[in-house]
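Everything below concerns the one structure shown next.
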Amino acid sequence: MTTNALTPLLKNPVATRKLVVFACYLVTALTLVPVVMMVLVAFQSDAESMAAQPSFWPSSWHPENLKRAFELVPLGRYLLNTIIFAAGTTLLETVTAALAAYAFARLNFPGRNWLFGIYLATLMIPSQVTLIPQFILVAKLHGIDTWPGMILPHAFTALGVFLLRQFFLGIPRDYEEAARLDGANRWQAFTRVIVPLAVPAIATLAVFKFIGQWNNLLWPLVISNSDSTRTAAVGLQVFQDTNGTQWNLLLMAATITTVPLIVLFFLTQRWFVRGITMSGLGGR
């Protein structure tokens with residue numbers, strides 16, 4: 001279709017909206033293709049998934065693959081470890097980011113803008129660059145294969161501070177000043193006024209962090225040496241190393257580890273969209 005043919009279509013608001021909706025559905029469908037293929041192969045038989053010319057639609061369904069995946073590796077333990085790791089880092093980063101963001105947004109101190117700029121500059125440093133120094137530090141503190149060693153290095157990020165600071169700047173100072181006039185100190189104004197108003201942004205940060213840490217492979221792979229701290233992302237790698245390329249069981253394990261993220265997104269979708277819109281990341 002040429003540009004001249006599209007011009008009348010684009011000038012019609014109803015047609016334009018339908019075109020945009022169709023494009024969104026198309027992109028969504030293309031995005032879901034790998035996920036659907038993963039689920040379909042997960043229910044195939046061993047021979048069918050290992051065939052030279054595989055067919056993605058199972059000729060017969062094998063729900064027993066779910067039980068087999070849990071039997072080959074301690075997948076349940078890996079999922080529990082992932083929840084502990086993701087929830088711990090999410091909780092700590094949310095608290096530290098909220099405190100730091102409030103300081104940068106509300107408190108006046110010498111060098112505040114310079115310090116904030118330097119803090120944001122750390123976002124330009126790849127995480128792989130700091131991996132070895134972090135590992136050496138954790139090793140010297142005897143944190144290898146421990147929960148503090150897993151969680152604490154990821155409890156502080158500049159992205160969370162930036163996100164919450166932008167939201168705090170949009171909250172009128174009148175609310176906080178009214179609380180101060182009523183006798184509230186700085187901490188009470190923060191916890192009773194700022195934090196309740198910032199719930200959408202905090203929820204957005206928490207969802208971002210939880211999903212990122214749920215899928216985090218590099219740091220748990222380096223720091224965990226046993227099943228007691230090994231996460232699901234590392235467990236999938238162990239699954240492949242110990243059981244070869246049993247694609248149906250491997251993709252069944254991957255499907256199991258993906259389901260909690262899908263459930264989490266649908267439960268927090270309202271807060272997620274609202275936080276993106278109000279925090280300044282939505283193009284406002």
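The values are calculated or read from the model by the stated rules, or taken from the named source; none is laboratory data. The shown structure was predicted, so the numbers you read here are calculated from the model rather than taken from an experiment. With ideal geometry, Cβ positions are generated from the backbone for all residues, glycine too; neighbour counts draw on all protein chains shown. Accessible surface is based on the protein model in full, side chains and every heavy atom, while ligands, DNA and RNA are left aside. Shrake-Rupley method; radii C 1.70, N 1.55, O 1.52, S 1.80 Å.
At 7 Å along Cα-to-Cβ for each site, give me the label-to-label distance between LEU217 and GLN53 in nm.
3.1 nm
Give the peptides 60-68, 192-200, 82-90 in descending order of average Cβ contacts within 10 Å, highest first.
Ranked from most to least packed, the peptides come out as 82-90, 192-200, 60-68.
State to the nearest 20 debye the size of the charge dipole of the chain about its Cα centre, where the only charges are +1 on K and R beta carbons and -1 on D and E beta carbons.
1040 debye
Before anything else, pin down the relative contact order of the range 1-145: Cα pairs under 8 Å, at least 6 apart, normalised by residue count, whole percent.
That works out to 9 percent.
Figure the gain on full extension for TRP114 and PHE266 (residue separation times 0.36 nm, minus the Cα-Cα span) and round it to one decimal in nm.
50.8 nm
All other residues with a Cβ under 13 Å from the Cβ of SER60 taken together, and with Lys, Arg as +1 and Asp, Glu as -1, what is their net charge?
Net local charge, SER60 excluded: -3.
For a label point 7 angstrom out from the Cα of ARG180 toward its Cβ, which stretches of the range 85-115 have the backbone nitrogen within less than 12 Å?
Within reach of a label on ARG180: 106-108.
Out of these labelled values of Rg and Dmax of the Cα atoms in Å, [x] 23.8, 75; [y] 22.4, 66; [z] 23.3, 65, which was calculated from the coordinates shown here?
[x]
Give the Rg/Rh ratio for the range 167-235, taking Rg as the radius of gyration of the Cα atoms and Rh as the Kirkwood radius, to two decimals.
Rg/Rh: 1.29.
Tabulate in residue order the Karplus-calculated ³J(HN,Hα) for the range 20-35, using 6.51 cos²θ - 1.76 cosθ + 1.60 with θ = phi - 60°, rounded to whole Hz; enter x for Gly and Pro.
Per residue, the Karplus-derived 3J(HN,Hα) values read 5, 4, 4, 5, 5, 4, 5, 5, 4, 5, 5, 5, 7, 4, x, 5 Hz.
Using the Karplus equation 6.51 cos²θ - 1.76 cosθ + 1.60 (θ = phi - 60°), what ³J(HN,Hα) coupling, rounded to whole Hz, does each residue of the range 206-220 give in order, writing x for Gly and Pro?
5, 5, 4, 5, 4, 5, x, 6, 4, 8, 5, 10, 5, 5, x
Return the carbon/sulfur percentage of the accessible area of the range 135-264, one whole number, probe 1.4 Å, all protein chains in place.
The value for the range 135-264 is 65 percent carbon and sulfur by accessible area.
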